[in-house]
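The values are calculated or read from the model by the stated rules, or taken from the named source; none is laboratory data. Computed from a predicted structure; not experimentally measured. Please note: Cβ atoms are built from the backbone with ideal geometry, for glycine as well, and neighbour counts cover all protein chains shown. Note: areas computed on protein heavy atoms with side chains; ligands, DNA, RNA excluded. Shrake-Rupley method; radii C 1.70, N 1.55, O 1.52, S 1.80 Å.
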Amino acid sequence: MASEAAPSATPALAELARRAATCTACGLAAGRTQVVFGVGDPDADLMFVGEGPGREEDLQGEPFVGRSGQLLDRLMGEELGIDRSRCYIANVVKCRPPENRDPLPAEIDACRPYLEAQLDLVRPVVVVTLGNFATKLLLGTDRGITSLRGAAYPFRDGSLVPTFHPAAALRGGGVVVAQLRADLVRAKALLGWSP
Ligand code: URA
């Protein structure tokens, strides 16, 4: 029997985004301009998961549109040969923490069902986690990104590639950028995209 293609995640993701737009499950709701749900191809093989929206993201309603995002876009183009429309990008928390502080455990717990649902719907082959928060949450570990990166880990039906947050690469300079690049190359190989 011919196998049928999985239905597109587009309508279900759009419905989830509509529900998230009025979410008040944690205190971050009070300070947000808008919920930053996620962006990109709902049927992508590659998904990036960051930490949480910053000022620009809160204003524009899209993940990774500030300086970190510009670096991510550039490295995605240079190492993967794609732009952001070819992957899906989301964050651990969908609302901006005040003054860009770290998200609190209760905020991460409250927002987790949205991220899990995004993973259920997009069903990426490879998830690239950007920084400690996404990596620790999805791998269920307390180990830090510096010791975890440089390898791929089994995740759901595919793989998870942990790497530095682009903000850390902006702070850390060439060595960190080179490590981020190497991790993207690792993700590309796992996706079977030609080198
Ligand atoms: N940092 C993140 O973790 N996510 C964004 O969307 C922007 C900056």
Suppose we keep only residues that are within 14 Å of the ligand (Cβ to nearest atom) and of a type in the set (K, R) within the range 84-132. Which one would you say is farthest from G192 (Cα to Cα)? R101
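Examine the range 21-34 for a residue that is buried (at least 20 other Cβ atoms within 10 Å of the Cβ), among the small types (G, A, S) and within 16 Å of the ligand (Cβ to nearest atom), and state whether such a residue exists.
Here is the first cut: in the range 21-34, the residues buried (at least 20 other Cβ atoms within 10 Å of the Cβ) are 28.
Still in the running and among the small types (G, A, S): none.
Within the range 21-34, none of the residues are buried (at least 20 other Cβ atoms within 10 Å of the Cβ), among the small types (G, A, S) and within 16 Å of the ligand (Cβ to nearest atom).
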Hey, any hits in the range 39-48 for a residue that's among the hydrophobic types (A, V, I, L, M, F, W, C), over 24 Å from R171 (Cβ atoms), more than 11 Å from the ligand (Cβ to nearest atom) and open to solvent by 30 Å² or more (accessible area, probe 1.4 Å)? no
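Return the residues of the range 133-143 that are within 16 Å of the ligand (Cβ to nearest atom) and either in contact (Cβ under 8 Å) with a residue 40 or more places away in the chain or surrounded by fewer than 13 Cβ atoms within 10 Å (Cβ to Cβ) (or both); say none if nothing qualifies.
Filtering the range 133-143 down to residues within 16 Å of the ligand (Cβ to nearest atom) leaves 133-138.
Hits for the range 133-143 are F133, A134, L137, L138.
In the range 63-83, which residue that is more than 8 Å from the ligand (Cβ to nearest atom) and without any contact (Cβ under 8 Å) to a residue 40 or more places away in the chain is least open to solvent (accessible area, probe 1.4 Å)?
First, the residues of the range 63-83 that are more than 8 Å from the ligand (Cβ to nearest atom): 67, 70-83.
Retained after the next criterion (residues that are without any contact (Cβ under 8 Å) to a residue 40 or more places away in the chain): 70, 73-74, 77, 82-83.
Details: Q70: 116, D73: 59, R74: 117, G77: 35, I82: 12, D83: 88 Å².
This residue is I82.
Within the range 17-66, how many residues turn out to be of a type outside the set (A, V, I, L, M, F, W, C) and over 16 Å from the mean Cα position of the chain (by Cα)? Please lay out each step first, then the result.
Looking only at the range 17-66, we keep the residues that are of a type outside the set (A, V, I, L, M, F, W, C), and these are 18-19, 22, 24, 27, 31-34, 38, 40-43, 45, 50-58, 60-63, 66.
So of that shortlist, the ones also over 16 Å from the mean Cα position of the chain (by Cα) come out as 18-19, 22, 24, 27, 31-34, 55-56, 60.
Going through the range 17-66 one residue at a time, the tally reaches 12.
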What are the pairs, 6+ residues apart or on separate chains, where a residue within the range 18-43 that is within 26 Å of D83 (Cα to Cα) and assigned to a loop (DSSP other than H, G, I, E, B) has its Cβ under 6 Å from a residue that is of a type in the set (S, T, N, Q) and within 15 Å of the ligand (Cβ to nearest atom)? G38/Q118
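For (1) open to solvent by 20 Å² or more (accessible area, probe 1.4 Å); (2) of a type in the set (A, V, I, L, M), each residue gets a yes or a no:
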{"position": "D102", "(1), (2)": "yes, no"}
{"position": "E107", "(1), (2)": "no, no"}
{"position": "V125", "(1), (2)": "yes, yes"}
{"position": "T129", "(1), (2)": "no, no"}
{"position": "G150", "(1), (2)": "yes, no"}
{"position": "P162", "(1), (2)": "no, no"}
{"position": "H165", "(1), (2)": "yes, no"}
{"position": "A169", "(1), (2)": "no, yes"}
{"position": "V175", "(1), (2)": "yes, yes"}
